[in-house]
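I'd like to ask you about the structure that follows.
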Amino acid sequence: MSILKRKASSDRKRSKSIWEQSFRRLFKNRSAVFSACILGFMFLFSFVGPLISPYSSNGIDVTVMKHPPDFTHWLGTDIYGRDVLTRLMLAGRISLTVGLASMVLSLLLGSLLGAVSGYYGGIVDSIIMRIADILMSIPSLPLLIIIAAMLSEFKVPTDYRLYIVMLMLSLVGWPGLARLIRGQILSLREQMYMKAADVLGLGTWRKIFHHLLPNTYPLLIVVATLSTASGILSESTLSFLGLGVVEPTSSWGNMITIANNLIDFQKHPWLWIPPGAAIFITVVAINVLGDAVRDVLDPKMKGR
Amino acid sequence: MKKKTIGLMALMLSTVVVLSTSCTSNGTGSASSSSAASSSAAASTQAVKLTDSKVELIKATDPGKSPDTANKRTDTFVATIHEPGGVFLPYFYDNGWDGNAVQPIFSSLVTVDDNGNPIPDLAEKWEISPDNLTYTYYLRPNLKFSDGSPLTAEDVAFTLTLLNDPAYAAGNVDFSNIVIKGTDEYKNGNATSISGIKVIDPTTIQITTEKLNPLSLTTLGGSVISKAYYGNGYQKGKLDYLKDLYAKPMGDGPYQLDQYINGQEIRYNANPNYYGGKPSIEHLIFKVTSTSTALQSFQTGQTDLDSFSTDQDTLEQLKALGFANIRIRTIPDFGIIYVNNKKPYLKDTAARQALYYGLDRQKIIDVKYNGYGEVANVFAAPTLWSYTEEGVTKYNYDPDKAKQLLEGLGWKAGSDGILQKDGQKLKLSYLTTKPDDPIIPIAKESYKAIGIDFVPEVLDANTMFDRLNKGDYDLLSVRTNGLIDPNDPVYEFSSTDPNVNPSGYSNPTVTQLIKEGISTSDKTKRQTIYTKLYQELSKDPPVILIDYRKSISAWNDRIIGGENYTTGASDVAIQLTKLKIR
Amino acid sequence: MIPILFGISLLIFFLFALMPGDYFSSNRRLSPQRLEELRALYGMNKPLIVRYFIWLKNVFHGDFGFSLQHMQPVTTLINQYIWNSFIVALATLFFTWTIALVIGIYSATKQYSIFDRLVTLGVFASLSVPSFFIGLLLIKLFGVDLHILPIGGMIDTGSTTTGLAYVLEVLRHMILPITVLTFLSVGSLTRYFRTGMLEVLRMDFIRTARAKGLKERTVIFRHALRNAILPAITLLAFELPGLFSGAIITEQIFSWPGIGRIQLDALSARDYPVLMTLTMLLAFLTILGNFLADVLYAAADPRIRLTKKEGG
């Protein structure tokens, strides 16, 4: 009962200043501030860093192939003798964009369709879920090969292909999340406070956006962090089909996959540790920030 | 999570492509060309000249270090294979690895050595008619199949008839460039036998063909399958009954199949009826291993012999094992970039020469092979008998010359530094199957310097070949199959059929020389012709030659004779009988 | 369910046909005449729609076609490999869920403790590294340096063991692949469980239960767990096709004779009969899994009604 009371009564009062309050609370949360700073730093590192670097992304120098880190090359060089640090920074532009954009897109689609499906039930649910079944049944690899061939056929510039593919992957990749969200909505819909919302005569969209989806927020954060990480890594493997970035453009994912044998793994750790660490830091920062935002937005957490 | 799987699949997809191309080539075994350079400075200093030394051997320093796992196998030799399919009948499998798997079971009439010279196997000698169209094989006396039944010319005739049956539907032997006389009447008419195949006596067979082809000798003289075992129930146009026998081979080679454990290992036992006597090693195993752990399997004694990735670090690790004998040999193939001669901006000889001069090929080889590869200048592998650099133009990296040549064709630098002609920018697409292809960054850099906009694209192998066959490309990277005859890599340039000659190259002198090259079987005459042809092809280059490469293989010192054995080489059966366990 | 499967089969058949090239197109050794002969022999020159109906007719007769690459009936081929993948996947599923459940719950009850933070970091580290790294690392450690586990394959080279000895041998070879696969999927699942548990622990009925003076153990396992595990049903449904699809990278690194590699080869070689059969099998399992999830959902939470239209 207490949820109901709090939700219903505080709704109007809080609505004016909810963002203000939340931001204030967010700033008080040290880990949130810290992780936001880290994310900000990653962006600066990627977008401004290369401008300061004395090396270019494709500065091939066969005299220093796979050179360990030293004062001229802070993070060493790769098999072409290119500066790893510079490539790491440039790679961040692609990987951050791709990771975050694909995450946001699939999150939007998945949660929206899942919520609608779960809330309405009946025929709407059936249709959305059957489409989801079909999409989940289509194997992605043949699909990607076809997309690759088509993009190549239509002479789409290689630099844009990655974004088109990410868009398409989000378009066909929503069913998983949608099913998860739908499952939660199905049970949330039956909770007492929703009965109250019905009694109060709240509009459908208001119920979905203000009362149902916010309660799936913890789940969304998990999905968001997981999909950012997999988005960044899968980009590299897309390039095996000509759908990711193509050399000499770098991304964190393709920098890691270059070192795919035991010898590089043991003897040339500067090839894979920096991009691995970059992905790790980004993903952790997003997760910590996400958790903090959740705590801040969650009315149940206020007292703690 | 779904996305991650996609990606990983894609990763493996490309690996598979690499593997399947390497297994079909003659004599490469499982050598992987993939990962390349490593410990830095070694590149230029350690460069091995491929054309000078064909094989380099490094002896084991401490054979006593051989692991117990290996030492315990006193009567078994374990070699490796990657992806066998389980069809153990020559000519009927469709997976290159099965080709490797049947080699110990089935001997050939004629086989070839590393330099492409034919050597006797089941046939002790042969004769070729002066017009190079009729082939007579003389079988060794008293040949037997492993079940003890006699092997005669009738079996050879049966084999060749089967391969020209209208229902024969495997893609690994192709007689359309040889054509045994009477094939058409047999395939499409009422003939009950092929008139060009004549059994003269039980040990002599004569085959008359219609097309000149230097590979006829080895193609017609391939593996022999038993008429008594496989021919039972044969009717023209019906080959389905053979499917039941795919998994139960019965042949004439040094070993017979014991057991195939799906996707894991193929086990063989020595064949007591082998014409050269029962091999000294009783058991043979082809074990399925993964390229990424080949070294670890060898190190722990799971395998006795394997090929490894060609780089300095791997070599050092192999040396450090102590019990490993190492062989570094040149692989009979080369890498090329196809140039689409049909495109208006690439049809001029000067344009293709400019692409040659403008590309820093040495840099590509340094990165890719780190001393175990070499810039290619001749349309033959260094191992082939016809290989010669005599009078061949070598296109060393010379960007200024490339620029001059392009300016000579009317290309002018635009404001962005890219060459232009008639408002058209000089933009070349480049197709490859490997995202880590070192040509991509290096060509991008070198070509940018001379004003060419180089646009690399990575595609799935079948997609790429589809584009090649359709002629929808500018530049495209491939590696030739394993080369046996000098005609193999050049033949296509004489054809007007775009399916055969996807580069669209045409040069009357070259066409003439290629025709002459296969009209005689006299090696000295052919050598003169090929020397001229190589010069001509270098003056008016059809495509860009990139590299020759080496492979590293190693075998446990307990195996005597490992230096002559390569899984997948044509003479596997013969070499297997020479192996011994210390 | 049947009409959906029909739709999928049609869709997939045409999708595969859209892929550039066919089985023979990358074989550069064949002459154009021979290529034409071969395509005719395999019926590849017929119109697409005719090929689809031929395929459909054969499927109704229980004939799933013949693999071009393996020269075997597709069903025989799949049967040889799919169970190898299945046993690994099943064991992985068991370990993943057990470990994720234990860790997820424990770190949820001790939120922001050292343990929770370490687990969180571990999970994200596992997400930031590709699987082949972990596989290679384990091989190096256990296979080469310590020499206690086999490097790859399903049996020792030339092994002739039978019965129990054979089972033990296979089990020994399964340890590393299962470890890698478990490590890879346990991370994300732990996050789901931890989050689900945290949510439930904040609910009023838990507070009520605690207020009633129930033991913490009872609160967590009797009351919280049941509710926290609801989203897991959906996740479990996703695992059903995974049991039969094979793990390509891991199978490759450990030379495990599974179905993943067969599928990948079939794709790169355009071996359509194999591709169609496997895809349809997985599609069927996907749909079945989702269907079962809906049923289980309703059973686990009686308040849920899937059919009746609700609200306004």
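The values are calculated or read from the model by the stated rules, or taken from the named source; none is laboratory data. Bear in mind that the values here come from a model prediction, so they are computed numbers and not experimental data. Every residue, glycine as well, gets a Cβ built from its backbone with ideal geometry; the counts of neighbours run over all protein chains shown.
Just for region B:434-450: of the residues that are among the hydrophobic types (A, V, I, L, M, F, W, C) and facing chain A (nearest Cβ under 7 Å), which one is farthest from B:Asp474 (Cα to Cα)?
Filtering first and then ranking leaves B:Ile442.
Also, I was wondering about something else. Quick one: which helices (runs of 4 or more DSSP H) sit completely within region B:324-433 and have at least 1 residues that are more than 14 Å from every other protein chain (Cβ to nearest Cβ)? So that I can check it myself, show each step before the final result.
Numbers: elements: B:349-357, B:361-369, B:399-408.
Qualifying helices (runs of 4 or more DSSP H): B:349-357, B:399-408.
Quick test for you: out of B:Asp488, B:Asp453, B:Asp474, pick the one residue that is among the acidic types (Asp, Glu) and either within 11 Å of chain C (Cβ to nearest Cβ) or within 17 Å of C:Ser26 (Cβ to Cβ) (or both).
Step by step, each of B:Asp488, B:Asp453, B:Asp474 is checked, and only B:Asp488 is among the acidic types (Asp, Glu) and either within 11 Å of chain C (Cβ to nearest Cβ) or within 17 Å of C:Ser26 (Cβ to Cβ) (or both).
Looking at region B:62-73, is at least one residue within 28 Å of C:Ile259 (Cα to Cα) and either in a loop (DSSP other than H, G, I, E, B) or at the interface with chain C (Cβ under 10 Å from one of its Cβ atoms) (or both)?
Start the filter on region B:62-73 by keeping residues that are within 28 Å of C:Ile259 (Cα to Cα), which leaves none.
Scanning region B:62-73 turns up no residue that is within 28 Å of C:Ile259 (Cα to Cα) and either in a loop (DSSP other than H, G, I, E, B) or at the interface with chain C (Cβ under 10 Å from one of its Cβ atoms) (or both).
Further question: Name, by its number, the condition in (1) modelled with pLDDT under 80; (2) part of a helix (DSSP H, G or I) that does not hold for C:Leu214.
Failing condition for C:Leu214: (2).
Listed residues C:Trp97, C:Trp55; which is within 20 Å of the chain's Cα centre (by Cα) and among the aromatic types (Phe, Trp, Tyr)? Walk me through how you get there before you give the answer.
Numbers: C:Trp55 fails: within 20 Å of the chain's Cα centre (by Cα).
After applying the criteria, what remains is C:Trp97.
I'd like to know if region C:180-188 contains one or more residues that are touching a residue at least 12 places away in the same chain (Cβ under 8 Å), outside any helix (DSSP H, G or I) and surrounded by 23 or more Cβ atoms within 10 Å (Cβ to Cβ). Can you show your working first?
Here is the first cut: in region C:180-188, the residues touching a residue at least 12 places away in the same chain (Cβ under 8 Å) are C:180-188.
Narrowing further to those that are outside any helix (DSSP H, G or I): none.
For region C:180-188, residues touching a residue at least 12 places away in the same chain (Cβ under 8 Å), outside any helix (DSSP H, G or I) and surrounded by 23 or more Cβ atoms within 10 Å (Cβ to Cβ): absent.
How about region C:269-290: which of its residues are closer than 24 Å to C:Gly43 by Cβ and more than 8 Å from chain A (Cβ to nearest Cβ)?
Across region C:269-290, the qualifying residues are C:Ala269, C:Arg270, C:Asp271, C:Tyr272, C:Pro273, C:Val274, C:Met276, C:Thr277, C:Leu278, C:Met280, C:Leu281.
Starting from region C:62-80, keep only residues that are within 9 Å of chain B (Cβ to nearest Cβ) and within 17 Å of C:Met44 (Cβ to Cβ), then list their pairs with residues that are among the β-branched types (Val, Ile, Thr) and in a loop (DSSP other than H, G, I, E, B) whose Cβ atoms are within a distance under 9 Å, requiring at least 6 positions of separation or different chains.
Filtered contacts from region C:62-80: C:Met71/B:Val87.
If we scan region C:125-148, do we find a residue that is basic (Lys, Arg), assigned by TED's automatic domain parsing to the domain that holds C:Val180 and out of contact with any Leu (no Cβ under 7 Å at 6 or more places or on another chain)? Before you say what the answer is, go through the steps one by one.
Initially, region C:125-148 is screened for residues basic (Lys, Arg), giving C:140.
Going one step further and asking which of them are assigned by TED's automatic domain parsing to the domain that holds C:Val180, we end up with C:140.
This time we only want the ones that are out of contact with any Leu (no Cβ under 7 Å at 6 or more places or on another chain), so: none.
Checking region C:125-148: not a single residue is basic (Lys, Arg), assigned by TED's automatic domain parsing to the domain that holds C:Val180 and out of contact with any Leu (no Cβ under 7 Å at 6 or more places or on another chain).
Out of the residues in region A:95-147 meeting the condition of being aliphatic (A, V, I, L, M) and touching an Asp or Glu at 6+ places or on another chain (Cβ under 7 Å), tell me which one is nearest to the other protein chains (Cβ to nearest Cβ).
As a first pass, look at region A:95-147 and keep what is aliphatic (A, V, I, L, M): A:96, A:98, A:100-101, A:103-105, A:107-109, A:112-113, A:115-116, A:123-124, A:127-129, A:131-132, A:134-136, A:138, A:141, A:143-147.
Retained after the next criterion (residues that are touching an Asp or Glu at 6+ places or on another chain (Cβ under 7 Å)): A:98, A:145.
Working: A:Val98: 11, A:Ile145: 5 Å.
Result: A:Ile145.
If you scan region A:67-104, which residues turn out to be touching a strand residue (DSSP E or B) at 6+ places or on another chain (Cβ under 6 Å) and at positive phi?
Across region A:67-104, there are no qualifying residues.
Right, here's the next one. On the given criteria, is B:Leu359 at pLDDT 90 or above, in contact with a strand residue (DSSP E or B) (Cβ under 8 Å, 6 or more places away or on another chain) and closer than 29 Å to C:Ile249 by Cα?
no
Does B:Val173 meet the test of being of a type in the set (A, V, I, L, M, F, W, C) and in a loop (DSSP other than H, G, I, E, B)?
Yes; evaluated as a whole, the condition is true for this residue.
In the set C:Thr157, C:Thr161, C:Thr179, C:Thr195, which member is of a type in the set (S, T, N, Q), under 19 Å from A:Val223 (Cβ atoms) and modelled with pLDDT of 80 or more? Break it down stepwise before answering.
Details: C:Thr157 fails: under 19 Å from A:Val223 (Cβ atoms); C:Thr161 fails: under 19 Å from A:Val223 (Cβ atoms); C:Thr179 fails: under 19 Å from A:Val223 (Cβ atoms).
Selected residue: C:Thr195, the only one of C:Thr157, C:Thr161, C:Thr179, C:Thr195 that is of a type in the set (S, T, N, Q), under 19 Å from A:Val223 (Cβ atoms) and modelled with pLDDT of 80 or more.
Within region C:79-93, can one find any residue that is modelled with pLDDT under 85 and crowded, with 22+ Cβ neighbours inside 10 Å?
Start the filter on region C:79-93 by keeping residues that are modelled with pLDDT under 85, which leaves none.
Looking through region C:79-93, none of the residues is modelled with pLDDT under 85 and crowded, with 22+ Cβ neighbours inside 10 Å.
I want to confirm something. Restricting to region B:287-322 and keeping residues that are among the aliphatic types (A, V, I, L, M) and closer than 24 Å to C:Ile148 by Cα, which single residue is nearest to the other protein chains (Cβ to nearest Cβ)?
First pass over region B:287-322, keeping only residues among the aliphatic types (A, V, I, L, M): B:288, B:294-295, B:305, B:315, B:318, B:320-321.
The next check asks that each one be closer than 24 Å to C:Ile148 by Cα; those that pass are B:288, B:294-295, B:305, B:318, B:320-321.
Working: B:Val288: 5, B:Ala294: 10, B:Leu295: 7, B:Leu305: 12, B:Leu318: 11, B:Ala320: 12, B:Leu321: 11 Å.
The selected residue is B:Val288.
Then there's this: Go through region C:37-62 residue by residue and tally those that are within 25 Å of B:Ser495 (Cα to Cα) and crowded, with 16+ Cβ neighbours inside 10 Å.
So the count comes out to 3.
On the given criteria, is C:Met197 part of a helix (DSSP H, G or I), within 14 Å of chain A (Cβ to nearest Cβ) and buried (at least 16 other Cβ atoms within 10 Å of the Cβ)? Before the answer, list the steps.
Working: part of a helix (DSSP H, G or I): yes; within 14 Å of chain A (Cβ to nearest Cβ): yes; buried (at least 16 other Cβ atoms within 10 Å of the Cβ): yes.
Against the criterion (part of a helix (DSSP H, G or I), within 14 Å of chain A (Cβ to nearest Cβ) and buried (at least 16 other Cβ atoms within 10 Å of the Cβ)), C:Met197 qualifies.
When you look at A:Ser9, is it surrounded by 18 or more Cβ atoms within 10 Å (Cβ to Cβ) and either within 30 Å of C:Arg207 (Cα to Cα) or at pLDDT below 85 (or both), yes or no?
Working: surrounded by 18 or more Cβ atoms within 10 Å (Cβ to Cβ): no; either within 30 Å of C:Arg207 (Cα to Cα) or at pLDDT below 85 (or both): yes.
Judged against the criteria, A:Ser9 is not a match.
With respect to C:Phe291, determine if the residue is in contact (Cβ under 8 Å) with a residue 24 or more places away in the chain and within 30 Å of A:Gln191 (Cβ to Cβ).
Values: in contact (Cβ under 8 Å) with a residue 24 or more places away in the chain: yes; within 30 Å of A:Gln191 (Cβ to Cβ): yes.
When the stated conditions are applied, C:Phe291 passes them.
For (1) hydrophobic (A, V, I, L, M, F, W, C); (2) more than 7 Å from every other protein chain (Cβ to nearest Cβ), each residue gets a yes or a no:
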site: A:Arg182; (1), (2): no, yes
site: A:Ser187; (1), (2): no, no
site: A:Thr204; (1), (2): no, no
site: A:Asn215; (1), (2): no, yes
site: A:Ser230; (1), (2): no, no
site: A:Thr249; (1), (2): no, yes
site: A:Ile281; (1), (2): yes, yes
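Of the conditions (1) more than 12 Å from every other protein chain (Cβ to nearest Cβ); (2) within 23 Å of the chain's Cα centre (by Cα), C:Pro130 satisfies every one except a single condition; which number is it?
Only one criterion is unmet by C:Pro130, namely (1).
Just checking, does region C:229-249 include any residue being under 30 Å from C:Gln111 (Cα atoms), in contact with a His (Cβ under 6 Å, 6 or more places away or on another chain), of a type outside the set (Asp, Glu) and assigned to a helix (DSSP H, G or I)? Lay out the reasoning, then the answer.
Start the filter on region C:229-249 by keeping residues that are under 30 Å from C:Gln111 (Cα atoms), which leaves C:229-239.
Adding the requirement that they be in contact with a His (Cβ under 6 Å, 6 or more places away or on another chain) leaves none.
No: zero hits.
Could you grab me the full set of residues in region C:110-127 that are in contact with a helix residue (DSSP H, G or I) (Cβ under 8 Å, 6 or more places away or on another chain) and within 14 Å of chain A (Cβ to nearest Cβ)? First the steps, then the outcome.
Initial filter on region C:110-127 (in contact with a helix residue (DSSP H, G or I) (Cβ under 8 Å, 6 or more places away or on another chain)): C:110-111, C:113, C:115-116, C:119-127.
Passing the criteria: C:Gln111, C:Asp116, C:Val119, C:Thr120, C:Leu121, C:Gly122, C:Val123, C:Phe124, C:Ala125, C:Ser126, C:Leu127.
Moving to a separate point now. Mind checking which residues of region B:103-149 are in a strand (DSSP E or B), surrounded by fewer than 17 Cβ atoms within 10 Å (Cβ to Cβ) and without any contact (Cβ under 8 Å) to a residue 24 or more places away in the chain?
Going through region B:103-149, the residues in a strand (DSSP E or B) turn out to be B:108, B:110-112, B:118-120, B:123-128, B:134-139, B:144.
This time we only want the ones that are surrounded by fewer than 17 Cβ atoms within 10 Å (Cβ to Cβ), so: B:119, B:124-125, B:127-128, B:144.
Hits for region B:103-149 are B:Glu124, B:Lys125, B:Glu127.
Determine if region C:143-157 includes at least one residue that is under 19 Å from C:Gly246 (Cβ atoms), crowded, with 17+ Cβ neighbours inside 10 Å, in contact (Cβ under 8 Å) with a residue 60 or more places away in the chain and within 14 Å of chain A (Cβ to nearest Cβ). I'd like the intermediate steps shown before the answer.
Let us first name the residues in region C:143-157 that are under 19 Å from C:Gly246 (Cβ atoms), namely C:152-155.
Those left that are additionally crowded, with 17+ Cβ neighbours inside 10 Å: C:152-155.
If we keep only those that are in contact (Cβ under 8 Å) with a residue 60 or more places away in the chain as well, we get C:152-154.
So of that shortlist, the ones also within 14 Å of chain A (Cβ to nearest Cβ) come out as C:152.
Yes, the conditions are met somewhere in region C:143-157.
What are the residues in region A:65-99 that are surrounded by fewer than 19 Cβ atoms within 10 Å (Cβ to Cβ) and of a type outside the set (Ser, Thr, Tyr), if any?
Passing the criteria: A:Pro68, A:Pro69, A:Asp70, A:Phe71, A:Trp74, A:Arg93.
Pull up region C:291-312, narrow it to residues that are surrounded by 15 or more Cβ atoms within 10 Å (Cβ to Cβ), part of a helix (DSSP H, G or I) and at pLDDT below 80, then point me to the one that is nearest to the other protein chains (Cβ to nearest Cβ).
Per the stated criteria, the residue is C:Tyr297.
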